[in-house]
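Novice: Could you have a look at this structure, given as structure tokens, before my questions?
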Amino acid sequence: MTITIDNYRPGDEERMKDIAARAFSRFTREGLDFMLPRDKVEDAFREEVQSYTRRAQEQTEGLGVFVARRDGQVVGHIALVVNQGRSQQFGMKWGILASLVVDPDYHHQGIGTALIKRAMEWFREQRCEYVEVSTDQNNIAAIRAYEAAGFRVIYSGLTLSQKLSD
């Protein structure tokens, strides 16, 4: 079973949206906050995928979207951005690894690592000098994969919430 990493193609987004909804609802702040309606949480992740796949179809400059395929089936994806504001502010091209997701059925098979490797190649092609990524502190697999790729933890924070009705 071969894993390939290639550019996002129109038609990939439905599978990408399903993967994001399933995976992120397990590991993210919104997914872990059971005061939030489950369907709305999953819709938010689907909308996020729709946003960057739409921009990829429009060939937005400074955006990269790559898909991992196993035997032709989409099993993960990664979205990358060159942040123009930060690049100007700091005087160096600033890359953001905006989203990385692997189908939970395919975790621990090197797919995330392969996507991160492709991301770093893309950032180098874009001549980025600085790249950042944020993840949730409970997503240990992602943290390990990012650290193995050379990232280091520079900040850890807390998010507190309160539902004001009922």
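The values are calculated or read from the model by the stated rules, or taken from the named source; none is laboratory data. A quick note: this is a predicted structure, and the numbers were derived from the prediction, not measured. Here the Cβ is made from the backbone with ideal geometry for all residues, glycine too, and neighbour counts use every protein chain on show.
Novice: Which of the residues spanning the range 99-136 are aliphatic (A, V, I, L, M) and out of contact with any helix residue (DSSP H, G or I) (no Cβ under 7 Å at 6 or more places or on another chain)?
Specialist: I111, A114, L115, A119, M120
Novice: Would you please name the residue that is modelled with the lowest pLDDT, looking only at residues in the range 28-86 that are under 17 Å from A98 (Cα atoms), hydrophobic (A, V, I, L, M, F, W, C) and more than 13 Å from the chain's Cα centre (by Cα)?
Specialist: So the residue we want is A44.
Results for (1) surrounded by fewer than 16 Cβ atoms within 10 Å (Cβ to Cβ); (2) part of a helix (DSSP H, G or I); (3) touching a Gly at 6+ places or on another chain (Cβ under 6 Å); (4) touching a residue at least 12 places away in the same chain (Cβ under 8 Å), shown as yes or no for each residue.
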| residue | (1), (2), (3), (4) |
| --- | --- |
| Q109 | no, no, no, yes |
| G112 | no, yes, no, yes |
| E121 | yes, yes, no, no |
| R124 | yes, yes, no, no |
| V131 | no, no, yes, yes |
| D136 | no, no, no, yes |
| R144 | yes, yes, no, no |
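Novice: Taking the range 38-73, which residues are in contact with a helix residue (DSSP H, G or I) (Cβ under 7 Å, 6 or more places away or on another chain), farther than 25 Å from H108 by Cβ and among the hydrophobic types (A, V, I, L, M, F, W, C)?
Specialist: Within the range 38-73, A44, L63 meet the criteria.
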